[in-house]
């Protein structure tokens, strides 16, 4: 698997009262990165569903 980096802005709504990213939001970030990786490789997203 090629390395892929996707800058993601973390919004205050994604954090808890201590300013730490709430763990469930990491799944959202992973899915965004996976989608962008697939797109960058030129793969049709319906082909992997």
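The values are calculated or read from the model by the stated rules, or taken from the named source; none is laboratory data. Predicted model only: the values in this text are computed from it and were never measured. A quick note on method: Cβ atoms are made from the backbone with ideal geometry, for glycine too, and the neighbour counts reach across all protein chains shown.
What is the number of the single condition among (1) in a loop (DSSP other than H, G, I, E, B); (2) loosely packed, with under 10 Cβ neighbours inside 10 Å that residue 27 does not meet?
Looking at each condition in turn, residue 27 falls short on (1).
Which ones in region 1-19 are touching a helix residue (DSSP H, G or I) at 6+ places or on another chain (Cβ under 7 Å) and outside any loop (DSSP other than H, G, I, E, B)?
Selection gives 14 alone.
Would you check which residues across region 1-15 are at pLDDT 90 or above and surrounded by fewer than 10 Cβ atoms within 10 Å (Cβ to Cβ) and list them?
Initially, region 1-15 is screened for residues at pLDDT 90 or above, giving 5-15.
Those that are at pLDDT 90 or above and surrounded by fewer than 10 Cβ atoms within 10 Å (Cβ to Cβ): 5, 7, 9, 11, 12, 13.
Only one of (1) under 16 Å from the mean Cα position of the chain (by Cα); (2) outside any loop (DSSP other than H, G, I, E, B) is not met by residue 46, so which one is it?
(1)
Name the single residue, out of those in region 31-42 being surrounded by 10 or more Cβ atoms within 10 Å (Cβ to Cβ), more than 12 Å from residue 2 (Cβ to Cβ) and without any contact (Cβ under 8 Å) to a residue 24 or more places away in the chain, that is nearest to the chain's Cα centre (by Cα).
This residue is 31.
Could you grab me the full set of residues in region 20-43 that are in contact with a helix residue (DSSP H, G or I) (Cβ under 8 Å, 6 or more places away or on another chain) and at pLDDT below 95?
35, 38, 39
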